[in-house]
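To start, the structure itself, in structure tokens.
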Amino acid sequence: MMRALLPAIAILVTSGIVDASPAVRQGKPILVFESHTGPRTDGASRLLTKLEEELETYGFAARPASILQAAGGRVPRPGILDDGKSAAKVAQDVRRAHDEFINGRPQNAKVGLTSALLTITRNPGLFVVDTSNADTTFMALATLALCHRQLGDGTASLATMKELIRMFPSRPFPRRHYGPDDETFHRDVAKQVQAMGRGRMAVSGGSGQAVIFVDGQIRGIGKASLADLVPGTYHVFVQVPGTVGRHYEVEVAANDDSYLNVDPELDGALWATDSWVGFQFSTDAERGKEARYAVELGKRWTGAEQVAVVGPMQLRGRPAVIGTLYHKDGRPMRSAVIEHDEAGSTTSARALARFLADGTPGQGLQILREDTATRARADRPRRSRAYPKVVVGLGLAAIVAGGVLIALDEDFTPEAGPTVFDSAPAGVALAVTGAVATAIGVYLWGRKSGKAPVVTVARGSALVGWQGRF
């Protein structure tokens, strides 16, 4: 279908493969995701390029093309991949290519149309804003099908015309732009398509504000259900207003149901471009989700037993690269760091790649224990110790308030009159609660020093003491 019409991207690793892990032996390469806080920088690219090249030699899928190939088209991509493109420019290129076709130059037209369709596929966010852009896509597909036919490529011509009919099943062929023989060809292919079965597709955008486009046409808000679909690859673009959106490919088979359930949080952090595949987080705290996200995508895309995450970090105030291999349960299996000065060398990149592959230590590595690897990830902020002080403060306030209620207590006597303020029970309860809260807060505050609180509660009073040395 559409993917068959566009240049395929594939990398076959044929040398340097070692017996790195059961996942590799089973034909399921370990996916490698980059992880960044904020936009990916040029410096990060230089740090990671050599490492990813070395990981490829050990059977990992580390380059974008390798990851996309291993995932088999299940990778959501940003709605705009190419800078400097516009829908108006693409429409102009398609009209120019159509003129080339009409003037008897199908080869020239084919080149221009193939490029235009590639741009449309890679940048759906540019074309869904105006419904008239569907006319551009229709003309590009129709003219390309006829170019293939004039050039004697019947297989490509038939596939392209079927793609046109799949995307625009009820749209008549415009004879004014072509000729009667071209219209006949379209009608004959349409009969073949009519004989095919039909499929169904349901899309959940994961948000009530998500706008769902299918092949450039709006089909729903939040959710969309489509029936009577010609089998093929459907291009689904899901966009929450104010974001670049994500582009998905969904295979629809005859007499079957297809589903797309979007995870806005995960997919919003995921970036799959020609340069890199990984996660971009707004803060270091958010970056703590990288292991969970990587494991989830590994299960979803390949089902492999492990995934790897690599990315820049600060080590003792200097730039470095950290690499971690995770088990499918999210547990870090091994992790190591190479510093900036070493990261540029092939030796250190190779050492880190081998360590992630089989656990062999090497020159230039700083191997991290499991707990250290978790803390070291991108200088995450330390947990604040202010909360024990807050608990202590609230506890002391509750004790004081309880004491006031106890002091105001009145016992029933004949002289007391009809109204008696029997506040002691409430005061005792409040004081006890405050004492317990204070004890907990003090314990959390000083637990690393070996000190411990002692609490004694009696009717009408509470005593907080301390055991240990100041």
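The values are calculated or read from the model by the stated rules, or taken from the named source; none is laboratory data. Predicted model only: the values in this text are computed from it and were never measured. All Cβ positions, glycine included, derive from the backbone under ideal geometry; neighbour counts span all protein chains shown.
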Criterion (without any contact (Cβ under 8 Å) to a residue 60 or more places away in the chain, acidic (Asp, Glu) and not in a helix (DSSP H, G or I)) met by exactly one of Asp329, Asp274: Asp329
Test: residue in region 255-269 that is on the phi > 0 side of the Ramachandran plot and assigned by TED's automatic domain parsing to the domain that holds Arg63: no
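Here are some residues: Thr283, Thr243. Which one is in contact (Cβ under 8 Å) with a residue 24 or more places away in the chain, in the same structural domain as Ala61 (by TED's automatic domain parsing), under 16 Å from the mean Cα position of the chain (by Cα) and farther than 30 Å from Ser157 by Cα?
Working: Thr243 fails: in the same structural domain as Ala61 (by TED's automatic domain parsing).
That would be Thr283, the only listed residue that is in contact (Cβ under 8 Å) with a residue 24 or more places away in the chain, in the same structural domain as Ala61 (by TED's automatic domain parsing), under 16 Å from the mean Cα position of the chain (by Cα) and farther than 30 Å from Ser157 by Cα.
Scanning for something among the aromatic types (Phe, Trp, Tyr), in a strand (DSSP E or B) and more than 17 Å from Phe60 (Cα to Cα), does region 291-298 turn up at least one residue? Quick ask: steps written out before the conclusion?
Step one: of region 291-298, the residues among the aromatic types (Phe, Trp, Tyr) are 293.
Retained after the next criterion (residues that are in a strand (DSSP E or B)): none.
No, every residue in region 291-298 fails to be among the aromatic types (Phe, Trp, Tyr), in a strand (DSSP E or B) and more than 17 Å from Phe60 (Cα to Cα).
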Scope region 195-250; condition of a type in the set (D, E, K, R), part of a loop (DSSP other than H, G, I, E, B) and touching a Lys or Arg at 6+ places or on another chain (Cβ under 9 Å); matching residues: Asp215
Residue satisfying condition, being modelled with pLDDT of 65 or more, touching an Asp or Glu at 6+ places or on another chain (Cβ under 8 Å) and surrounded by fewer than 19 Cβ atoms within 10 Å (Cβ to Cβ), within set Ser423, Ser335: Ser423
